[in-house]
Each structure stands twice: as structure tokens, then as C-alpha cells.
Amino acid sequence: MKSTSRSARSTRGIRRIDLAYAELASSESARDINRDVVLEIIRSQQPVARADLARVSGLQPSTVSAIVAQLIDEKWVKEGQIARLPRGRHPALLSLNDELVILAVDVRPKQAIVALLDLNGRYLAREVVPLVSDPDSAISKIVLCMEAMRVSHSGRSFEGIGISMPGRIDPDSQRLILAPNLKWGSYDIKEVIEKKMRLQVELMNAANASLLAELWSGKLDGIRNAVLITVSEGIGAAILANGQIITSRSGLAGEFGHSPIDPAGPRCGCGQRGCWEVFASSNAALRYYAELRPKAPAANIHELLRMAEEEDSAAIEAVSRQATCLGRGLRLITAALAPEVILIAGDITTSWARFGPRIQAELESTMLAGKAPQLGVTSDGELARLRGAAAVVLQRHSGYQRMRLEAAKKSKSKRPARSSRA
Ligand SMILES: [Zn+2]
């Protein structure tokens, strides 16, 4: 099978080619798959010669040359250094074109991190923008920061904007439909920013963005089933099942943070009481500390974690309680999905040596059967969401993503008029 090369699927990086979708592929999408395979091999093995691309992908050299010509034309790839091979051949090597840049934004309830990255994931600029709760002024501040980055890097070619959001985004409308800790309603972030920046905007849930960053970095190579948990103001989750990021109906899959743990527990941002996140988020740790030291509450989670590292007993107690609740809640995940790997992202990972073992112990003590999943932290720490936001823009251009959109359109047109969202 030449069109979706088996060997290319075993190279590092995200598994963007899945046979479930490949079966739906028309000949046009098969071309997209090949383009995607070639781009992925260049990304993971750069600088690389055309002959090696053909060998690794299993594609015909003429097919590789045509795809490379297109990628160079679209500025994704550039020809660079010359390889010195025996018998006098000196082929030009191909790399990603890092003149092409992406704006990435990690939106959180109180701040946004705005960054400029090149195609190789290198940060060219990064800034923290404090936010207020009103979406209009929050977006204006983010746009001002992006405009300043565009001016200071005016020699570069801007490809698009990727935004990680602390909530769920409906894949059809691209509107935020659930963000209990942000409270922006159904504000149309995409339309407002696209109008102001004149660049295409991609939105993604923060946990899914972090998972995408892990997949792009190759850290989950060989893993087909994983769950990533983001621990910040709330708790988010992203699911990799059979090699695919699962978003499901209206993009709402993975809301384990709002599983009810204790109906008599504190009120959650979602309106219910006693959700997992009110016991296991960073805000929960701050609340535990305030209960222990009511006269001197910690200003924020970073301060609390610093105090814990400095052996403040109440800080250690507060974060330990959070870690215990986090570990206990992982039973929801292992029982529902039985992943091979669970990755934790967010504040608590900065003190992983101290609190990780507690989470691990809780996870192991609640297994129904078999070995506990491998527990770890994301490789980029606080920056995983940003890197994921940039990866969303890159992914938009992959044949796989286009093919998924086509498949989604097809299945929608087959659906009876009485839609479940009506
Ligand atoms: Zn809730």
C-alpha cells in the first residue's frame, strides 16, 4: 500500500493518519494523506533529502518531488544545506521553513500568555497579559499584544492564530459552549479576533491542546490510549482513544472535572455542588490552605507551592489534600477508559517530586484490576497549552484534518433533518 505508507506511520510525531478515516478517503484525500506523511517526515527528520523521504515514506520519488514542490511553493518547507554524498551527488536538504510563524494564545481566567512561535516550535516572543472578566476588554488586550508582536517581527510570514481556551468549543459553531471558570458566555472569540487581526483563528480546549502538544513532540509514540489532566483553576481532561483525540458531541467529551463526588460539597463554577474539581483543582488547594491559615491566605497557587517547597507545614498539608483528591478522582478515568498513560499538566507538577508519589499511591490503591496506568507529567509544563495552540494551526493544514472535516460534512449531510441539536 503506497498511499498511506506503513513506515511513515511509525515515525515519531502525531499519528494523524488513521485507517478509520483513510477508508473514507477519496483519491483527493489520498493525495492529502501523502502530503501529510511527507510533511511529518520532514518535520521529524529534518534536514532530509528527497531520496530519504521516498525511502522512509514508501512513496514514488516522482510523487515525493511533486509534493515537495507544492510544500515549498506554500512556504512550509525550504531547501537548505547541501548534503555531500559519494559519487559526486549533492542533493539539497529540506527543512521546515521557520520564516513562517504562528501566534499562540493560552487564555486563562485571570491572564493570557501570548506567544510567537516558528514552525519548529521555537519561541520568538512571549508575554503575559493580565485579564479582567469582561470578554470585550480581555480580547482587546490580547489583540494589542499580538499586534505588537506582528510589528516587531514584520519580516516574518504570519500563518494564523491558535488559541487554547479553558472550556469546550463546539466544533461546528466554533463558539465557547462551556467555560465555568471564565464566564464569557457564548462570546464569539473567533470572529472578533479574525476581524481585528485578519488572520485565521483556531480555538481548542486547553486539555486537548496540551495533549496535541504531547503528540506533536513524539512523547506519546507507541501509545494509543492516554488521558491528560490539566490542573489549574479547574480540572480539564483530554482523551486519546485508539490513537485519536476524542471530542465527541459538541466537543464536550472529557468533562471528568464536573463529575459529582460529594453532593454536600462546595458549589462549583458549573452550578452543581461537590464536583471533582472543587476538591482537586489549584483553587481547592488554596481553599484548604485558607481553612488552615484563615488570617493569612496564600495570594495564588504559585505562592502556595513555593511555601510548600520551603517546608511550610500548612502549605504541605493543603497541597497534599489536593493531591489525594486528584489521585482518588483518577479512578473515574481508569474505570471509564483504562488508559495506558495518564499525564498531569499544570501548577502542581512544579512540585512533582513531593506530591506526585501521593497521587500515584491513590491511583494504585483504587485500581479495579490489572496494573495502574503509567502516571507522568507533560513535557512542557505551563507551556504545553501554548505549544498545543500553535500545533492546532499546523494541524489545520494537514491532509488528515481536511479529510476529517470532509468526513464530518458527509456524515452530516446523511443525517436526517431532525438533528439532535435542534
Ligand atoms: Zn462542576
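Quick notes on this one:
- Here, the range 226-306 has an Rg and a Dmax of 14.9, 50 Å when only alpha carbons are counted.
- Lys, Arg +1 and Asp, Glu -1 on Cβ, resulting dipole of the range 191-346 about Cα centre, debye, nearest 20: 420 debye
- From least to most packed, judged by other beta carbons within 10 angstrom and beginning with the fewest, His153, His302, His258 follow the order His302, His153, His258.
- Across all directions, the average flat footprint of the convex hull enclosing the Cα atoms of the range 187-343 is 12.0 nm².
- When peptides 382-392, 211-221 are sorted by average Cβ neighbour count within 10 Å, with the highest value leading, the order is 382-392, 211-221.
- Stretchable slack from His153 to Asp136, in nm (0.36 nm times residue separation minus alpha-carbon distance): 3.5 nm
- Annotation note: GluC sites (Glu not before Pro) in the range 52-145 located in DSSP loop regions with a Cβ neighbour count of at most 16 within 10 Å are Glu74, Glu99.
- When you filter the GluC sites (Glu not before Pro) in the range 304-348 for DSSP loop state and at most 14 other Cβ atoms inside 10 Å of their Cβ, you are left with Glu310, Glu311.
- Relative contact order, whole percent, for the range 268-406 stands at 20, derived from Cα pairs under 8 Å and 6 or more residues apart.
- Coupling constants for the range 261-276 follow from the phi torsions by the Karplus curve (6.51 cos²θ - 1.76 cosθ + 1.60, θ = phi - 60°), and in residue order they are 10, 9, x, 9, x, x, 5, 9, x, 7, x, 8, 10, x, 5, 3 Hz; glycine and proline get x.
- When peptides 131-141, 197-207 are ranked by their average number of other Cβ atoms within 10 Å per residue, the highest-first order is 197-207, 131-141.
- Rounded Å value of the spacing that divides the Cα centres of the range 143-157 and the range 289-339: 39 Å
- Among the trypsin sites (Lys or Arg not before Pro) in the range 54-129, those located in a DSSP loop and surrounded by at most 15 other Cβ atoms within 10 Å of their own Cβ are Lys75, Arg84, Arg89, Lys110, Arg122.
- Rounded, prolate or oblate (a/c below 1.5 giving rounded, otherwise prolate when a/b exceeds b/c) for the range 290-367 by Cα gyration tensor: prolate
- With 0.36 nm allotted per residue and the present C-alpha distance subtracted, the Tyr123-Asn225 stretch has 33.8 nm of extension available.
- With one equal scatterer per alpha carbon and no solvent term, the Debye-computed log10 I(q)/I(0) for the range 156-274 at 0.10 1/Å reads -0.35.
- Residue-count net charge about Ser232 - beta-carbon cut-off 11 Å; Lys, Arg +1, Asp, Glu -1: -2
- Neighbours of Val132, meaning other residues whose beta-carbon lies under 10 angstrom from its beta-carbon, give a summed charge of 0 when Lys and Arg score +1 and Asp and Glu score -1.
- Summarising the amide proton neighbourhood of Asn205: residues at separation of 5 or more, or on other chains, whose placed amide H is nearer than 5 Å comprise Met165, Ile169.
Read-outs throughout are calculated quantities, based only on the coordinates presented, and are distinct from any laboratory measurement. This is a predicted model, so every value here is computed, not measured. Here the Cβ is made from the backbone with ideal geometry for all residues, glycine too, and neighbour counts use every protein chain on show.
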